[in-house]
Ligand code: NIG
Ligand code: FE
């Protein structure tokens, strides 16, 4: 049996009894913490924690790996509920094109953007995709992420979409991270189907979805609901079919315009609706009466210079908010959740407590893993990180773009120490 004791922790962040599945509204301002604390891990689970003046939870001191966390902070690993980290090549050429004045939409209209990544992906082998994605998974793990959702959507053909999803399935066995897979065949209409979108949707529903169900390749199905991509009605049609094939809906919603993605998502019982730059009062009211997690992706809004989603207004209206990285080559080439926390605080006026809740328990909810991940609770998965010596958790979003993480423990294994 492997046992780890982390002692002298300055602040043990996000402790609970494991019953909270998400936090909403004013509760997002509360971040339950223990000061001068210890945390015990056995095998891959958290088994007890307490304050240094009470060792009651520990009875067996044999074979214990002891880590001294004096002046350090311990947090549950981040849960990143929206990424596209399986991709081939990169798109810095389009980055420069945007600096020189083209918009994201203009780049797509001339066959770039998602279509550019689709071309690159069709030439890549499964082995090449696995190798590059593993590097990215390792990179985000070292920055504190323990659970991640990964989407297909750069395939846009039966062969390439299934190739992406098989790669994600393989990653689940190769990486220590907890991984959820999402089918995003409706990411864009491929060039061969230009002016024949209905046929492409038929292909997604009648050919690709049954193959996915047969091989159990996806937990979720997502649609990019946006002008020039998929309408609200098409989004509902695709996600309803996906549910019949055992996939839970998610939506890329209101990123570039108010296109009906949030309402479509709520109608089909989506677990999350993501982006939300163009959300209005109607969507906020509808979200209040739903179980759907509104998720902001500040990396994409930052990188594309989009207007910001009304996160403050949404939380003030009583909603929960999750935050994810959207790590992808076109709109957010970073999976650094620490930096997303800085954006949440600096740009969205979220308090550090709200931002950390958004990146842990609420983003766990957006992947349906908040019973086992997203907080420090007895019986939860031992996915935690230890920072360098810092004065408090507020220092993480404050010291933007710094890497303050010292040690990452995934499934009870110490996987990284600087
Ligand atoms: O979440 N908005 C659509 N999809 C991605 C971007 C994909 C890309 O540009 O490659 C996003 O921003
Ligand atoms: Fe995305």
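The values are calculated or read from the model by the stated rules, or taken from the named source; none is laboratory data. Source: prediction; values computed, not measured. Glycine also receives a Cβ, built like all others from the backbone with ideal geometry; neighbour counts cover every protein chain displayed.
Quick notes on this structure:
- Listed by first and then second residue, the pairs with beta-carbon distance under 6 Å, at least 6 apart or on different chains, first residue in the stretch 83-105 and under 24 Å from residue 221 (Cβ atoms), second away from ligand 2 (no atom under 16 Å from the Cβ), are 86/129; 86/167; 88/120; 88/124.
- Given (1) under 18 Å from residue 85 (Cβ atoms); (2) within 16 Å of ligand 2 (Cβ to nearest atom); (3) touching a strand residue (DSSP E or B) at 6+ places or on another chain (Cβ under 6 Å), number of the condition residue 298 does not satisfy: (3)
- Residues satisfying the criterion are absent from the stretch 337-345 (criterion: touching a helix residue (DSSP H, G or I) at 6+ places or on another chain (Cβ under 6 Å), outside the structural domain of residue 72 (by TED's automatic domain parsing), within 15 Å of residue 309 (Cβ to Cβ) and assigned to a loop (DSSP other than H, G, I, E, B)).
- Check on residue 334, within 21 Å of residue 408 (Cβ to Cβ) and without any contact (Cβ under 8 Å) to a residue 40 or more places away in the chain: yes
- For the stretch 81-97, the set of residues classified as assigned to a helix (DSSP H, G or I) and under 25 Å from the mean Cα position of the chain (by Cα) consists of 92, 94, 95, listed by residue number.
A quick yes/no check of all residues on (1) assigned to a helix (DSSP H, G or I); (2) within 16 Å of ligand 1 (Cβ to nearest atom); (3) at positive phi:
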residue: 259; (1), (2), (3): no, yes, no
residue: 264; (1), (2), (3): yes, yes, no
residue: 269; (1), (2), (3): no, no, yes
residue: 273; (1), (2), (3): no, yes, no
residue: 282; (1), (2), (3): yes, no, no
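- Selection from the stretch 383-405 of residues that are assigned to a loop (DSSP other than H, G, I, E, B) and surrounded by fewer than 22 Cβ atoms within 10 Å (Cβ to Cβ): 390, 391, 392, 394, 399, 400, 401, 402, 403, 404
- Whichever residue in the stretch 223-265 is within 19 Å of the chain's Cα centre (by Cα) and away from ligand 2 (no atom under 16 Å from the Cβ) and, among such residues, is nearest to residue 279 (Cα to Cα): 248
- Residues that are outside any strand (DSSP E or B) and buried (at least 24 other Cβ atoms within 10 Å of the Cβ), drawn from the stretch 70-80: 77
- Whichever residue in the stretch 57-69 is surrounded by 13 or more Cβ atoms within 10 Å (Cβ to Cβ), in a loop (DSSP other than H, G, I, E, B) and over 31 Å from the mean Cα position of the chain (by Cα) and, among such residues, is nearest to ligand 2 (Cβ to nearest atom): 57
- Of all residues making up the stretch 260-278, the number that are surrounded by fewer than 24 Cβ atoms within 10 Å (Cβ to Cβ) and touching a helix residue (DSSP H, G or I) at 6+ places or on another chain (Cβ under 7 Å): 6
- Among the candidates 308, 304, residue that is within 16 Å of ligand 2 (Cβ to nearest atom) and under 18 Å from residue 257 (Cβ atoms): 304
- Exactly one residue among 209, 247 is within 15 Å of residue 187 (Cα to Cα) and away from ligand 1 (no atom under 16 Å from the Cβ), and that residue is 209.
- The single condition among (1) crowded, with 23+ Cβ neighbours inside 10 Å; (2) in a loop (DSSP other than H, G, I, E, B) that residue 185 does not satisfy is (2).
- Condition met for residue 207 (out of contact with any helix residue (DSSP H, G or I) (no Cβ under 7 Å at 6 or more places or on another chain) and either closer than 27 Å to residue 292 by Cα or surrounded by fewer than 16 Cβ atoms within 10 Å (Cβ to Cβ) (or both)): no
- Residue pairs meeting the criteria (Cβ under 7 Å; at least 6 apart or on separate chains; first closer than 22 Å to residue 272 by Cα and touching a residue at least 60 places away in the same chain (Cβ under 8 Å), in the stretch 145-161; second within 12 Å of ligand 1 (Cβ to nearest atom) and part of a helix (DSSP H, G or I)): 154/114; 154/117; 154/118; 154/121
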